[in-house]
Amino acid sequence: MKVDVATKNPALESIFNDPNQVITLDANFLIPPDRQMSSVRGIPFPLFQACWLNPIFELFPNLAIHEAVGSELISRDIKTFINSKVNASPPKIIIHNDSELTEIEQVLRASIEARIYPYTRYDPHIDNRDDRGEVKTLAYIAVKGLIYFAAHDHNAIQLVEKAELLSTGLDAVQAIKMYEILFFLYVRNPSVRKDLRILYKYQYYLTKHEKAINPERGVFIPPMESLYHSQQ
């Protein structure tokens, strides 16, 4: 994925101003990344939890996932982590359940889902697992008028950013990318900066192609600080 350090994202600017807003997460925001490269190990869960999961749940009190995303969390570590947030009193994560939709909202959700799924690997006729979480999530938040969708998956982000072109019905949704939240954590939680460097490199500066199109971690920060200087 290309890292854009030249264009300000209104969604990131908005959550800098008010981190209490509801931010709905795709599954890849919760699962330790593993790019399955023989020469490089994936990010271990303890490191991912320390530099990513714990900080985002501390800084954003209204994180949410759709119930379909919950079924994608098969690792014991992440299931235990999310269950601890669900079972906290009060709960520390919001679960979007389709059963909460009214009859009218269910019709609208089905309409938006029908627009989205042809651009994904999900087929509602067989209800397969591939891309199911992102399709269900996006349709739900569009119907509920929720704005922010945080994801690392390029295709899911394109469904939002090219909503008008693709006629996905997601025109009011705004995407927040993982590197943008990495920058948020860099600003608001300096104690995790060292480990965030590892995560950034693994996600955006690992392959020859990525090194050709993306700034290295040290070069990534200054232009982002210039873009969001008033929010720090």
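The values are calculated or read from the model by the stated rules, or taken from the named source; none is laboratory data. From a predicted model like this one, the values you see are computed outputs, not experimental measurements. Positions of Cβ are backbone-derived with ideal geometry, glycine not excepted, and every protein chain shown enters the neighbour counts. With ligands, DNA and RNA removed, areas are computed over all heavy atoms of the protein, side chains included. Shrake-Rupley method; radii C 1.70, N 1.55, O 1.52, S 1.80 Å.
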As straight-line cross-link partners of residue 162, the qualifying lysines (C-alpha separation under 29 Å, not fewer than 8 residues apart within one chain) are 2, 8, 136, 144, 177, 201, 208, 211
Per-peptide average of other Cβ atoms within 10 Å, ordering 192-205, 215-228 highest first: 192-205, 215-228
Kirkwood hydrodynamic radius of the range 61-154, Cα pairs, Å: 14.2
Let me understand the range 102-171 better: what is its radius of gyration from the alpha carbons, and its Dmax, in angstrom? 11.2, 32
Within the set of other residues whose C-beta is less than 12 Å from the C-beta of residue 46, count the net charge using Lys and Arg as +1 and Asp and Glu as -1. -2
From phi via Karplus (6.51, -1.76, 1.60), per-residue ³J(HN,Hα) for the range 107-115 in Hz, x at Gly/Pro: 5, 5, 4, 4, 5, 5, 4, 5, 7
Applying the Karplus parametrisation 6.51 cos²θ - 1.76 cosθ + 1.60 with θ = phi - 60° to the phi angles of the range 134-143, what ³J(HN,Hα) value in whole Hz is obtained for each residue in order, glycine and proline being reported as x? 5, 5, 5, 5, 5, 5, 5, 5, 5, 5
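For the range 48-140, which GluC sites (Glu not before Pro) are both in a DSSP coil and crowded by at most 12 other Cβ atoms within 10 Å?
Nothing satisfies the criteria.
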Acute angle (nearest 10 degrees) that the helix 193-204 long axis makes with the longest principal axis of the chain, alpha-carbon atoms: 60
With DNA, RNA and ligands ignored, accessible area of residue 2 (1.4 Å probe; Å², nearest 10): 130
What FRET efficiency would be calculated for the residue pair residue 18, residue 128, taking the C-beta separation as r and a Förster radius of 45 Å, to the nearest 0.05? 0.75
Quick one: divide the alpha-carbon radius of gyration of the chain by 2.2 N^0.38 Å and tell me what you get. 1.00
Any residue on another chain or 5+ positions along whose placed amide H is under 5 Å from the amide H of residue 60 is listed here as none
Quick one: Cα convex hull volume of the range 12-103, Å³ per residue? 137
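Going from the alpha-carbon gyration tensor of the range 164-232, what semi-axes, largest first and in whole Å, does one get by taking the root of 5 times each eigenvalue?
Each semi-axis is √(5λ); the values are 24, 18, 12 Å.
Quick one: net charge of residue 3's neighbours, Cβ under 12 Å, K/R +1, D/E -1?
Working: positive: 2, 177, 201, 211, 217; negative: 4, 180, 210, 216.
Around residue 3, the charge tally is +1.
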Carbon/sulfur accessible area of the chain, % of total, 1.4 Å probe, equals 50
Hey, what do the phi angles of the range 151-166 turn into as Karplus ³J(HN,Hα) couplings, whole Hz, using 6.51/-1.76/1.60 and θ = phi - 60°, x for Gly and Pro? 8, 10, 6, 4, 5, 4, 5, 5, 4, 8, 6, 10, 4, 5, 4, 8
